[in-house]
Structure formats: C-alpha cells, structure tokens
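Have a look at the structure below, then the notes.
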Amino acid sequence: MTLKVVVVDDDPHVIESLSVLLRDEGFDVVATQDGAGALEKIRTEAPSLVILDLMLPHMPGMDICRALKNDPTTQDIPVIMLTGRAREGDKIHGLEAGADDYVTKPFNPRELVLRINRALGI
C-alpha cells in the first residue's frame, strides 16, 4: 500500500522539489498552494501525513493545523510544519497548534524523510 502525503505550500518550486523527493521515497503526493482549499483537499484525500507551510494565501498554516487537530476525522493525521519561520516562538506556536513536528527551510531532504518516516511510524 502506498502512503499518501498532502503538501500545502504556496511556492511551486517547493511543491515540485517535495513531490520529487517523496515520490522517489515511494509516497503518493497530492499538492495544493491555497490555504483555504487545503482543508477540503486533506479531508477528501485522507492522507497518511500532511506537510504544511505557515505562510499561505487565504488561510494561515496555523489555522489549518488547528482545524485538522480539532476535527475527529483528521485529528490523527500527522502534520509536519515546513516553513521559513525559524524563530523559537514560531516553533512553539506551531507545536502548540498541534503540529507533530516543525522543520525549517532550507531543509535537508534526508532529514525530512527521516522525520516523515518517524511521524508515520515506519
């Protein structure tokens, strides 16, 4: 069974690089650039994991994370925040919003894959 990852990022280059990386690791990837559409996409795709940027058009990543973690149908989906916001306060807010992990850009691809695997328990 192929595990599905939803990638939510407003930068098409990040989406492309993550899609290539994750597909090479055997994941099925679904991507969206819009914060408002991300919740619907996650609910319809039922992914095994979500990679979520903080800075998104129409709905911030923090709000998306909170909504996912407060919804019984999505609360158990691991969320990894992947963002350029590297201040300690940002990390704390991300984890308080329910993120399972917090990774800053630029990121090491191997480290991200290891964090994904750990979040998925594989």
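Could you list, in sequence order, all residues of segment 1-14 that are assigned to a helix (DSSP H, G or I) and crowded, with 16+ Cβ neighbours inside 10 Å? So that I can check it myself, show each step before the final result.
Taking segment 1-14 first, the residues assigned to a helix (DSSP H, G or I) are 12-14.
Answer for segment 1-14, where residues must be assigned to a helix (DSSP H, G or I) and crowded, with 16+ Cβ neighbours inside 10 Å: just Val14.
Do we have any residue at all in segment 15-30 that's buried (at least 19 other Cβ atoms within 10 Å of the Cβ), out of contact with any helix residue (DSSP H, G or I) (no Cβ under 7 Å at 6 or more places or on another chain), closer than 16 Å to Leu120 by Cα and not polar (S, T, N, Q)?
yes
Out of the residues in segment 32-81 that are among the small types (Gly, Ala, Ser) and outside any helix (DSSP H, G or I), which is nearest to Leu22 (Cα to Cα)?
Pass one, segment 32-81, residues among the small types (Gly, Ala, Ser): 35-38, 46, 48, 61, 67.
Now drop any that are not outside any helix (DSSP H, G or I), which leaves 46, 48.
Numbers: Ala46: 17, Ser48: 13 Å.
Here the answer is Ser48.
Give Leu22, Leu114, Leu95 a once-over and let me know the one that is over 15 Å from Val7 (Cα atoms), at pLDDT 95 or above and of a type in the set (A, V, I, L, M, F, W, C). Walk me through how you get there before you give the answer.
Details: Leu22 fails: over 15 Å from Val7 (Cα atoms); Leu95 fails: at pLDDT 95 or above.
None of the others qualify; the one that does is Leu114.
Of all residues being under 23 Å from Gly121 (Cα atoms) and of a type in the set (A, V, I, L, M) in segment 33-63, which is surrounded by the fewest Cβ atoms within 10 Å (Cβ to Cβ)? Just the residue, please.
Taking the candidates together, the pick is Ala46.
Let me confirm something: among Phe107, Phe27, which residue is of a type in the set (Phe, Trp, Tyr) and more than 16 Å from Val6 (Cβ to Cβ)? Reasoning before the result, please.
Details: Phe27 fails: more than 16 Å from Val6 (Cβ to Cβ).
Result of the check over Phe107, Phe27: Phe107.
Pick from Ile116, Ile77, Ile64: which is in contact with a Ser or Thr (Cβ under 9 Å, 6 or more places away or on another chain), β-branched (Val, Ile, Thr) and within 16 Å of Val8 (Cβ to Cβ)? Quick ask: steps written out before the conclusion?
Working: Ile116 fails: in contact with a Ser or Thr (Cβ under 9 Å, 6 or more places away or on another chain); Ile64 fails: in contact with a Ser or Thr (Cβ under 9 Å, 6 or more places away or on another chain).
Residue meeting the stated conditions: Ile77.
The values are calculated or read from the model by the stated rules, or taken from the named source; none is laboratory data. Computed from a predicted structure; not experimentally measured. Note that each Cβ is placed from the backbone with ideal geometry, even for glycine, and that neighbours are counted across all protein chains shown.
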